[in-house]
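Trainee: Let me give you the structure first, and then I'll get to my questions.
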Amino acid sequence: MSVPEKPDKGPIFRSPAAELPTIEKQMKPGWNDMAEDIFGLSVRGLVTMRDLVIRPSLVFDAARWPDWLQRYTPSIRLVSSLVALMLLLRIFWAGEDSAMYQSVLEQIERAAPNISADGGSRALAENYFAAWAIVFPLAYLAIQFLMAMCVRIWGKDVPLVTRVRLYFAAIVPGVILANLSLVATPLIGPAQLTLFTALYLVVCGLAYGATAYLGLKSSYASPFSRLWRGALFAVIVLFADTVASFSSSILGGIVAGQFHLATG
């Protein structure tokens, strides 16, 4: 004899007042919240960057959970913050005495010698860096996001959202290196800029590969499986970086040129 099922009473609705926290139970802001208010990058974000540099497997494991185990800052937010910091450091890499500024100025004077009079080339260089600062973050994040959706080195049946999270987590050390390299640009002359850029790409590629290699420790026990995945990841991200850089330079140059012509 079967036992009749109990009728479904539906969800239990609670009074809205019952869901509001009382003063005693209300969570109080802490120093982490204060750091977020002041700097926009919380202490948790600094911990996330530290662990991605020295023990990325912990962050990779947390990326597979909805709330990052309430331990780490979401990787896309962290990369966006570091890119914003890159633009704030413009005083170092785009100042008139910097190697990058001088290199752009020389290219402008070679390509358009007519505008050099009355500081026209310097005005165009300023417009270029201003346009680049707007175009680059959008191009960089968009291209990296597209790459993140395509890369499948993270394990079997990893969902799309998790793949994007892991991709952005793995590029954080490289973006940190980018910020450090920009701070160092005032120490470099225009003649050494090409060598410095090549060295930076090598170091950055090693950082990308090492982060993926160490981060995949929980997914692949075999060092060889992680090694070729790390190497492939480094090549993919360096390609994405190059595309973002060239497209931003071209678009920035077009916008700067059009603005210069419009303002005469």
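The values are calculated or read from the model by the stated rules, or taken from the named source; none is laboratory data. Since the model is a prediction, treat every value here as computed from it, not as a measurement. FYI the Cβ positions are ideal-geometry reconstructions off the backbone, even for glycines, and counts take in every protein chain you see.
Trainee: Six or more apart or on different chains, Cβ under 6 Å: which pairs go from a residue in the stretch 150-168 that's touching a residue at least 40 places away in the same chain (Cβ under 8 Å) to one that's surrounded by 12 or more Cβ atoms within 10 Å (Cβ to Cβ) and of a type in the set (S, T, N, Q)? Could you list them?
Mentor: Gly155/Ser219; Arg165/Ser75; Phe168/Ser75
Trainee: Here are some residues: Ala170, Ala142. Which one is among the small types (Gly, Ala, Ser), surrounded by fewer than 21 Cβ atoms within 10 Å (Cβ to Cβ), in a helix (DSSP H, G or I) and at pLDDT 95 or above?
Mentor: Working: Ala170 fails: surrounded by fewer than 21 Cβ atoms within 10 Å (Cβ to Cβ).
Result of the check over Ala170, Ala142: Ala142.
Trainee: Still on this structure, I have one more. Answer with yes or no whether Thr73 is in a helix (DSSP H, G or I) and either touching a Cys at 6+ places or on another chain (Cβ under 6 Å) or more than 29 Å from Gly257 (Cα to Cα) (or both).
Mentor: Numbers: in a helix (DSSP H, G or I): no; either touching a Cys at 6+ places or on another chain (Cβ under 6 Å) or more than 29 Å from Gly257 (Cα to Cα) (or both): yes.
No; evaluated as a whole, the condition is false for this residue.
Trainee: Given the criteria closer than 29 Å to Arg226 by Cβ and not in a helix (DSSP H, G or I), does Arg64 qualify? Please lay out each step first, then the result.
Mentor: Working: closer than 29 Å to Arg226 by Cβ: yes; not in a helix (DSSP H, G or I): yes.
Criteria met by Arg64.
Trainee: If you don't mind, there's one more thing I want to ask. Out of the residues in the stretch 212-240 meeting the condition of being over 23 Å from the mean Cα position of the chain (by Cα) and touching a residue at least 40 places away in the same chain (Cβ under 8 Å), tell me which one is surrounded by the fewest Cβ atoms within 10 Å (Cβ to Cβ).
Mentor: Result: Ser218.
Trainee: When you scan the stretch 89-137, how many residues do you find that are in a helix (DSSP H, G or I) and under 15 Å from Pro186 (Cα atoms)? If you could, list the steps in order and put the result at the bottom.
Mentor: Step one: filter the stretch 89-137 for residues in a helix (DSSP H, G or I), giving 90-93, 99-111, 113-137.
This time we only want the ones that are under 15 Å from Pro186 (Cα atoms), so: 90-93, 99-104.
Result for the stretch 89-137: 10.
Trainee: Yes or no: the stretch 241-263 includes at least one residue that is under 22 Å from Leu52 (Cα atoms) and assigned to a helix (DSSP H, G or I). Write out each step before concluding.
Mentor: Taking the stretch 241-263 and keeping what is under 22 Å from Leu52 (Cα atoms), we get 241.
Checking which are assigned to a helix (DSSP H, G or I) leaves us with 241.
Yes.
Trainee: What's the number of the only condition in (1) of a type outside the set (Lys, Arg); (2) crowded, with 19+ Cβ neighbours inside 10 Å; (3) part of a helix (DSSP H, G or I) that Ile153 fails to meet?
Mentor: Result: Ile153 passes all but (3).
Trainee: Quick one: how many residues across the stretch 193-204 are of a type outside the set (A, V, I, L, M, F, W, C) and closer than 18 Å to Glu96 by Cβ? Walk me through how you get there before you give the answer.
Mentor: So the first thing to find is which residues in the stretch 193-204 are of a type outside the set (A, V, I, L, M, F, W, C), and the list is 194, 197, 200.
Of the ones still in play, those that are also closer than 18 Å to Glu96 by Cβ are none.
Residues flagged as of a type outside the set (A, V, I, L, M, F, W, C) and closer than 18 Å to Glu96 by Cβ within the stretch 193-204 amount to 0.
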